[in-house]
Amino acid sequence: MDEYQDYHIIQDLSILLDHADRLVLRPFNLNTMQYNALLLLNTEEGWRLTDLSERLLCERSTVTRLVDYLESEGLISRCADPTDRRSQRVTLTTAGLARRDQAQAAVEQAIRERFSILSREETHQLLDIHRRLRAVVSAEIELSSQELTNKPL
């Protein structure tokens, strides 16, 4: 098998895992990005929308729509950023914390079931391969971001 086919096998697995996660999250009225946002948030400190978009690797407009939805569901609340009056911070509500914890329990159970077919050694090998590939791709993204930032207009 060549690298192109190997890549598509890994990509296919990623797509399948994402779809399976969406099915697990459906009863909680969450998609994977909304769920990942809830995992980052807590009830005290909060995140600025800009920081949340960087962490979730998505555009600010996408995070704005995501936050609008989560707020309409009563899962998060917005408040003014005390250090920057132009910014807002978002925090989990009590309902958001409860929904996140319920969804997280379901996701963790699904992950346990998926990984149950692997031995401990296979899991370690898979994670090692993942870390190495992630480092290469992250470096590639960082380099591309720097090139775009330094490109004259």
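Some notes on this structure:
- Residues whose amide H lies under 5 Å from that of ILE76, counting only those 5 or more places away or on a different chain, are GLU71, THR93; hydrogens are built 1.01 Å from N in the peptide plane.
- GNM remark for the chain: springs join alpha carbons under 10 Å apart, and the peak mean-square fluctuation among ILE117, ILE141, ILE129 falls on ILE141.
- Cα lying deepest toward the dipole's positive end in the chain, options ILE111, LEU16, ALA95, charges on Cβ: ALA95
- Formal net charge of residues neighbouring LEU16 (Cβ-Cβ distance under 15 Å; K, R +1; D, E -1): -2
- In nm, spacing of pseudo-spin labels at SER14 and SER72 (7 Å Cα→C-beta vector): 3.0 nm
- Exposed loop positions in the chain were taken to be GluC sites (Glu not before Pro) whose DSSP state is not H, G, I, E or B and which have at most 12 other beta-carbon atoms within 10 angstrom. Between these positions, the longest stretch is 60-153.
- Springs join every pair of Cα atoms under 10 Å in this Gaussian network model of the chain, and among LEU56, LEU133, LEU13 the largest mean-square fluctuation is at LEU133.
- Neighbourhood net charge (11 Å Cβ-Cβ; Lys/Arg +1, Asp/Glu -1) for LEU30: +2
- Listed residues ILE111, ILE15 arranged by accessible area, highest first, probe 1.4 Å: ILE15, ILE111
- Rounded, prolate or oblate (a/c below 1.5 giving rounded, otherwise prolate when a/b exceeds b/c) for the range 67-153 by Cα gyration tensor: oblate
- When Rg and Dmax of the Cα atoms in Å is computed from the coordinates, the matching label among (1) 18.5, 55; (2) 15.2, 46; (3) 14.6, 45 is (1).
- Enclosing the Cα atoms of the range 15-82 in their convex hull gives a volume equal to 92 cubic angstrom per residue.
- Database remark: amide H of THR43 closer than 5 angstrom to the amide H of LEU92 (H placed geometrically; neighbours at sequence offset of 5 or more, or on other chains; Pro and chain starts carry no H).
The values are calculated or read from the model by the stated rules, or taken from the named source; none is laboratory data. This one's a predicted model, so the numbers in the text were calculated from it and none came from an experiment. Heads up, the Cβs are rebuilt from the backbone with ideal geometry, glycines too, and the neighbour counts pull from every protein chain shown. Just the protein is used for accessible areas: all its heavy atoms, side chains included, with ligands, DNA and RNA removed. Shrake-Rupley method; radii C 1.70, N 1.55, O 1.52, S 1.80 Å.
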